[in-house]
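Visitor: Supplied in C-alpha coordinates, the structure appears directly below.
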Amino acid sequence: EGSNIAKASAGNLYNISITTGGTAGYLMVFNATSAPADGAVTPGLCRVIAANSTLSIGWAGMPRRFSTGITAVFSSTGCFTKTVSATAYFEIEVQ
(Lines give C-alpha, C1' and ligand atoms only; values in the text may rest on other atoms or scores of the structure.)
Protein backbone atom coordinates (compact mmCIF):
# COMPACT_ATOMS: atom_id res chain seq x y z
CA GLU A 1 0.00 0.00 0.00
CA GLY A 2 1.09 3.58 -0.47
CA SER A 3 -0.66 5.10 2.54
CA ASN A 4 -2.44 4.04 5.71
CA ILE A 5 -4.88 6.01 7.84
CA ALA A 6 -3.94 4.63 11.24
CA LYS A 7 -6.32 6.89 13.18
CA ALA A 8 -8.89 9.32 11.78
CA SER A 9 -8.93 11.40 14.97
CA ALA A 10 -6.46 12.73 17.53
CA GLY A 11 -4.30 10.08 19.16
CA ASN A 12 -0.94 8.65 20.10
CA LEU A 13 1.50 6.78 17.88
CA TYR A 14 3.32 4.05 19.81
CA ASN A 15 5.01 2.00 17.07
CA ILE A 16 5.26 2.07 13.32
CA SER A 17 6.93 -0.45 11.03
CA ILE A 18 7.23 -0.37 7.27
CA THR A 19 8.45 -3.06 4.91
CA THR A 20 9.35 -2.04 1.37
CA GLY A 21 9.43 -3.94 -1.87
CA GLY A 22 11.79 -3.16 -4.73
CA THR A 23 11.51 0.62 -4.30
CA ALA A 24 13.57 2.67 -1.85
CA GLY A 25 11.93 5.75 -0.40
CA TYR A 26 10.68 7.60 2.64
CA LEU A 27 8.29 6.79 5.45
CA MET A 28 6.28 9.93 6.20
CA VAL A 29 3.77 10.38 9.02
CA PHE A 30 1.27 13.24 8.90
CA ASN A 31 -0.93 14.87 11.51
CA ALA A 32 -3.93 14.36 9.23
CA THR A 33 -7.02 12.21 8.67
CA SER A 34 -6.06 11.45 5.06
CA ALA A 35 -2.95 11.36 2.91
CA PRO A 36 -2.04 14.66 1.27
CA ALA A 37 -1.88 14.95 -2.51
CA ASP A 38 1.43 14.30 -4.24
CA GLY A 39 3.71 17.32 -4.29
CA ALA A 40 5.12 19.59 -1.61
CA VAL A 41 4.40 18.38 1.95
CA THR A 42 5.48 18.96 5.55
CA PRO A 43 5.41 15.63 7.41
CA GLY A 44 5.57 15.34 11.18
CA LEU A 45 8.03 12.47 10.80
CA CYS A 46 10.19 11.36 7.88
CA ARG A 47 12.69 8.50 7.67
CA VAL A 48 14.59 7.10 4.70
CA ILE A 49 14.27 3.36 3.99
CA ALA A 50 16.10 1.16 1.52
CA ALA A 51 14.44 -1.17 -0.98
CA ASN A 52 13.54 -4.64 0.32
CA SER A 53 13.96 -3.53 3.95
CA THR A 54 12.04 -3.17 7.19
CA LEU A 55 12.20 -0.13 9.47
CA SER A 56 10.61 -0.02 12.93
CA ILE A 57 10.25 3.04 15.16
CA GLY A 58 8.79 2.95 18.65
CA TRP A 59 8.02 5.31 21.50
CA ALA A 60 7.43 2.94 24.43
CA GLY A 61 7.30 5.34 27.36
CA MET A 62 6.40 8.56 25.55
CA PRO A 63 4.31 8.12 22.39
CA ARG A 64 4.16 10.73 19.61
CA ARG A 65 0.98 12.83 19.97
CA PHE A 66 -1.03 13.82 16.90
CA SER A 67 -3.81 16.36 17.38
CA THR A 68 -5.80 15.70 14.18
CA GLY A 69 -5.15 12.14 12.99
CA ILE A 70 -2.33 9.73 12.13
CA THR A 71 -1.65 8.95 8.48
CA ALA A 72 1.46 7.13 7.21
CA VAL A 73 2.69 7.38 3.62
CA PHE A 74 5.45 5.70 1.62
CA SER A 75 6.99 8.09 -0.91
CA SER A 76 9.64 7.42 -3.53
CA THR A 77 10.90 11.02 -3.39
CA GLY A 78 12.25 13.20 -0.56
CA CYS A 79 10.93 14.20 2.83
CA PHE A 80 9.30 17.37 1.51
CA THR A 81 8.02 16.12 -1.85
CA LYS A 82 5.50 13.28 -1.76
CA THR A 83 5.22 10.83 -4.63
CA VAL A 84 3.19 7.92 -3.31
CA SER A 85 4.53 4.44 -4.05
CA ALA A 86 2.19 1.51 -3.43
CA THR A 87 5.07 -0.87 -2.74
CA ALA A 88 5.10 -0.95 1.06
CA TYR A 89 3.43 -2.68 3.98
CA PHE A 90 2.65 -0.84 7.24
CA GLU A 91 2.17 -2.08 10.82
CA ILE A 92 1.02 0.71 13.13
CA GLU A 93 0.09 0.78 16.83
CA VAL A 94 -2.03 3.77 17.88
CA GLN A 95 -4.42 4.71 20.63
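The values are calculated or read from the model by the stated rules, or taken from the named source; none is laboratory data. Note that the structure is predicted; figures quoted are calculated from it, not measured. Cβ placement follows ideal geometry from the backbone for every residue including glycine, while neighbour counts extend to all protein chains displayed. All accessible areas refer to the heavy atoms of the entire protein, side chains included, with ligands and DNA or RNA removed. Shrake-Rupley method; radii C 1.70, N 1.55, O 1.52, S 1.80 Å.
Visitor: Hey, any idea what % of the chain's accessible area is carbon plus sulfur with a 1.4 Å probe?
Guide: Answer for the chain: carbon and sulfur cover 51 percent of the accessible area.
Visitor: A follow-up question, please. At a Förster distance of 35 Å, what's the computed FRET efficiency of ALA37 paired with ALA60, Cβ-Cβ distance as r, to 0.05?
Guide: Step by step, r from the Cβ atoms, then E = 0.55.
Visitor: Here is a further query. Rounded to the nearest whole Å², what accessible area per residue is found for the chain with the 1.4 Å probe?
Guide: Heavy-atom accessible area per residue stands at 49 Å².
Visitor: Based on the inverse mean of 1/r over its pairs of different Cα atoms, what is the Kirkwood hydrodynamic radius of the chain, in Å?
Guide: Here the Kirkwood hydrodynamic radius works out to 12.8 Å.
Visitor: Once the convex hull of the alpha carbons of segment 2-53 is built, what does its volume come to per residue, in cubic angstrom?
Guide: Output value, Cα hull per residue: 87 Å³.
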